[in-house]
Amino acid sequence: MIEITLPDGKVLEYASGITPYEVARDISEGLARNVISASFNGNTVETVTPLKEDGALVLYTWNDEAGKKAFWHSSSHVLAQALEELYPGVKLTIGPAIENGFYYDVDFGEHTVSEKDFDAIEKKALEIARGKHDFKMREVSKADALAHYKEEGNDFKVELIENLQDGDITFCDHSTFTDLCRGGHIPNTGIIKAFKVLNVAGAYWRGDENRPQLTRVYGISFPKQKDLKEYLELLEEAKKRDHRKLGKELELFTFSQRVGQGLPLWLPKGAALRERLENFLKQAQKKAGYEMVVSPHIGQKELYVTSGHYAKYGEDSFQPIHTPKEDEEFLLKPMNCPHHCEIYRARPFSYRELPKRYAEFGTVYRYEQSGELHGLTRVRGFTQDDAHIFCTNDQLDAEFKNVIDLSLYVLGSLGFENFRAQVSVRDPENPEKYIGSSDNWDKAEQAIINAATEKGLDFVIEPGEAAFYGPKLDFMVRDALGRQWQLGTIQVDYNLPERFDLTYKGSDNELHRPVMIHRAPFGSMERFVALLLEHTGGNLPLWLVPEQAILLPVSEKHEKYAEKVLNSLENREIRALVDARSETVGKKIREAELAKYPFMIIVGDQEAEEGKISVRRHGGGDLGSLTVEAFADLIQKEINSTLKTFESKLN
C-alpha cells in the first residue's frame, strides 16, 4: 500500500500501481472526466503512470496552467505527425508548449509552407485527433534512440540525444507517430476538438544564427470549438492594440534601417511621454530617498569581467570597442549595476550613512538576434529605470518592502492592477549557472520570501528563474486582453558587493559587506511603453497622454478665440493644440477620435460670445458647455484621483 497526499492535505491509501486517473475517479466521476495531466512529487507524469511510492499528487484540468501546458504539448505532437504525413521527408526538431499554444521547429527541406497551406494542416491534425489515439511513453536506450534517428537521417534529434544520459531517454508514441519526449501529455488525442495554425516564421536551430535555419510553425488548440472562436476574436483585438501600429498612428516612435535594427527613435510626442514617465518616477524616488546618478554608455571590458556579466552575456553583447591603445577594450554598457558599484566605491561609508539609494535612467545595449527583435518589446538599445540600494543586513527587510511599495504605486498609477508576484530562485539541479556561495543564496531567497509574505502578496516560487547573481521578485501583470507580462523586478544580491569588494564601517569599527538590492519598476522604458499602449489600446492615462485636448474651431474666424482658449489651458498646465485645418468640424471630430485625444473642444460663434467651450470626451459623447476654468478643474481632479489612489503605497 502507498499513501497519496492531495493538495488540500488529505491523505488517501491505495495499492501500489494506482494511476492518477484512477485516483481522480475515486474522488469523483466529474474530476475523472476532466483530468488531463498530473504531477507526482513535483514531477510531471501521465494520467496513466503507475504510482509506486508515497507522494504528493496534483491533478490538472484544462483550467490549470499545467493542464493547458500538457494539452498544448500533446497538440505539438499531433502537429508534427500532420506535417510528416503532408510533407514526407521533413526533419522534426523540437516542439514545446508556450504561453498560448505551441510551436514545432521543422527542417522542411525542399518543401515550403505558407498561409495557403494552413487549412490542409489543420484538417489533417483534426483527422488525427479524432482517432482518439493514446499517448504512450516508453524508455529507450541511448544506442537505440541514436540508431532510430540516424536511420531517419535526422541530425537534429541525434544531436539532442547525444547530450542526454543513457537511462533518461524516453519516446512518446501515438497513432503511427513516435517522437523523442520527456513526457507530460493528455490521455489521448480525442480531447483535442479545435486546432488552428497561427503562423510560420524563421528560427535558427538552437537559437544560433550560425546554425541551420528552420521553419517554426505556431499553433493553438482547445477542448471546445467555442474556446478557439473566443481566442481568435481576442487575437483580432490584439492586432488593433499592437504597439507598433499605435506607435505609428500616435507618432510616438519609429525605426530606421540606417540607424540600425532594434534601435528605436523617439519622436517628439514619444519623447515627451517618456519624459513624463521619468519625472513621475523621479518624484516618487525623491520622496523615497533616492539620489540620481549618471554613468557612461561604455565601460572597460574588465569592469564586466569583474561583475561576471561578460562571462554570462558576452555573446549577447556588441563586440568590444578597440582603442588605439594596445589591448584596451571597451564594451557598450550591457548593465548599469557594475557602474553603480564603482560609484559606491568612490568613497568610504559608515553604517550611519546607509542605506545609499542610487537611481539612474541608464541606457544599455545588448546584441539581440535580428529574428528576435520585435517593436519596442525586444530591442538592442533600451533605457532601464535602474536603481541600486546598498544597505546593511538589518536594513534589508525594510528596504525590500519599501521597493515593493514603490513598484505597486507605479503599476497601480498606470492601470496595471491585475498581477501576481513571482519569486524567482535558483535551479537546484544546475548550480553552475549561478555565482556566489550557497549560504548567500539561501539568505537572499529567504529575504525575498519573507518580504513578499509580510506584504501580503499573492506569489508563486519559480525555480530556475533567478538572475545569475541573485534571486528576484518579479511582478507578472495581466493586461486588458488577459495576456501575462513581466513588469518590474526587485533582486537581492550578496555577490556583486563581494566581487567589487564593497564595504562600510560598522558600529564595531570593523569593515562589513553591504547587501545590494537591484530594482526597476518599469523594467525598461521601451518595453513598458509598448505594454502600456497595448494594455490601454492607445488610450493612455490622462496625466500621461501627449495632448489632453484638441481644440476644433468651427471655421477660420473662430481660430483667434481657439488660440485664446489654448493659452488659458496652457497657463493651467493642460496640454492641448489647435486643429486649424480647413476641414468640417465633423471630419475633425472623427479624426480626433481615431487619434485618441481624450477631449475635443469645439469653439464657434456661441462659445466665443459666451466665453465658454463645448467639450466632447473620447468615446464618451458630449459633456456640454463649460468655462475654461471648469474644464481645467475637471482634468486636474481626474488626474489627482488616479494618482492619489495609490500614493498611500509610498507612505
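Annotations
- Candidate set from segment 489-529 (those that are in contact with a strand residue (DSSP E or B) (Cβ under 7 Å, 6 or more places away or on another chain) and polar (S, T, N, Q)); member that is surrounded by the most Cβ atoms within 10 Å (Cβ to Cβ): Q491
- Some residue of segment 245-259 being loosely packed, with under 13 Cβ neighbours inside 10 Å, under 22 Å from the mean Cα position of the chain (by Cα) and part of a helix (DSSP H, G or I): no
- Qualifying residue in segment 549-557 (condition: assigned to a loop (DSSP other than H, G, I, E, B) and among the acidic types (D, E)): no
- Any hit, segment 318-337, residues being under 26 Å from H388 (Cβ atoms) and part of a helix (DSSP H, G or I): yes
- Residue in segment 296-312 that is among the hydrophobic types (A, V, I, L, M, F, W, C) and either closer than 30 Å to G415 by Cα or surrounded by 17 or more Cβ atoms within 10 Å (Cβ to Cβ) (or both) present: yes
- The residues in segment 448-476 that are of a type outside the set (F, W, Y) and touching a residue at least 60 places away in the same chain (Cβ under 8 Å) can be counted, and the count is 1.
- Where K269 falls short, out of the listed (1) in contact with a strand residue (DSSP E or B) (Cβ under 6 Å, 6 or more places away or on another chain); (2) farther than 25 Å from H340 by Cβ; (3) surrounded by fewer than 17 Cβ atoms within 10 Å (Cβ to Cβ): (1)
- Boolean, R138 is touching a strand residue (DSSP E or B) at 6+ places or on another chain (Cβ under 6 Å), in the same structural domain as K224 (by TED's automatic domain parsing), loosely packed, with under 14 Cβ neighbours inside 10 Å and among the basic types (K, R): yes
- The one condition in (1) in contact (Cβ under 8 Å) with a residue 24 or more places away in the chain; (2) in a helix (DSSP H, G or I); (3) among the charged types (D, E, K, R) that R352 fails to fulfil: (1)
- The residue of segment 578-604 that is farthest from L542 (Cα to Cα), among those that are exposed (fewer than 14 other Cβ atoms within 10 Å of the Cβ) and under 35 Å from the mean Cα position of the chain (by Cα), is R590.
- Meets criteria (among the acidic types (D, E), out of contact with any Phe, Trp or Tyr (no Cβ under 8 Å at 6 or more places or on another chain) and either over 23 Å from R130 (Cβ atoms) or not assigned by TED's automatic domain parsing to the domain that holds C172 (or both)) for D8: yes
- Among residues of segment 72-99 being under 16 Å from G184 (Cα atoms) and in contact with a His (Cβ under 9 Å, 6 or more places away or on another chain), the one that is surrounded by the fewest Cβ atoms within 10 Å (Cβ to Cβ) is P96.
- Pairs, first within 12 Å of Y469 (Cα to Cα) and aliphatic (A, V, I, L, M) in segment 422-447, second modelled with pLDDT under 85 and in a loop (DSSP other than H, G, I, E, B), C-beta under 9 Å, six or more apart: I435/F468; I435/Y469; A444/G436
- Within segment 229-278, being within 13 Å of M525 (Cα to Cα) and among the aromatic types (F, W, Y) holds for F253, W266.
- Verdict on A608 being of a type in the set (G, A, S), surrounded by 14 or more Cβ atoms within 10 Å (Cβ to Cβ) and within 21 Å of E249 (Cα to Cα): no
- Subset of segment 221-278 [of a type outside the set (A, V, I, L, M, F, W, C), within 30 Å of I191 (Cβ to Cβ) and touching a Lys or Arg at 6+ places or on another chain (Cβ under 9 Å)]: S221, P223, K224, Q225, D227, Y231, K239
- Enumeration of residues in segment 346-401 that are closer than 23 Å to Y469 by Cβ and among the polar types (S, T, N, Q): T363, T383, Q384, T392, N393, Q395
- Scanning segment 209-244 for residues that are in contact with a helix residue (DSSP H, G or I) (Cβ under 7 Å, 6 or more places away or on another chain), under 30 Å from K157 (Cβ atoms) and in a loop (DSSP other than H, G, I, E, B) yields R211, P212, P223.
- Inside segment 1-40, residues that are part of a helix (DSSP H, G or I), of a type in the set (K, R) and either over 21 Å from S74 (Cβ atoms) or touching a helix residue (DSSP H, G or I) at 6+ places or on another chain (Cβ under 7 Å) (or both) make up a count of 1.
- Residue within segment 305-318 that is touching a residue at least 60 places away in the same chain (Cβ under 8 Å), in contact with a Ser or Thr (Cβ under 6 Å, 6 or more places away or on another chain) and within 21 Å of R357 (Cα to Cα) present: no
The values are calculated or read from the model by the stated rules, or taken from the named source; none is laboratory data. Computed from a prediction, not measured in an experiment: that's the story for all the values here. In this analysis, Cβ positions are derived from the backbone assuming ideal geometry, glycine residues included, and neighbour counts consider all displayed protein chains.
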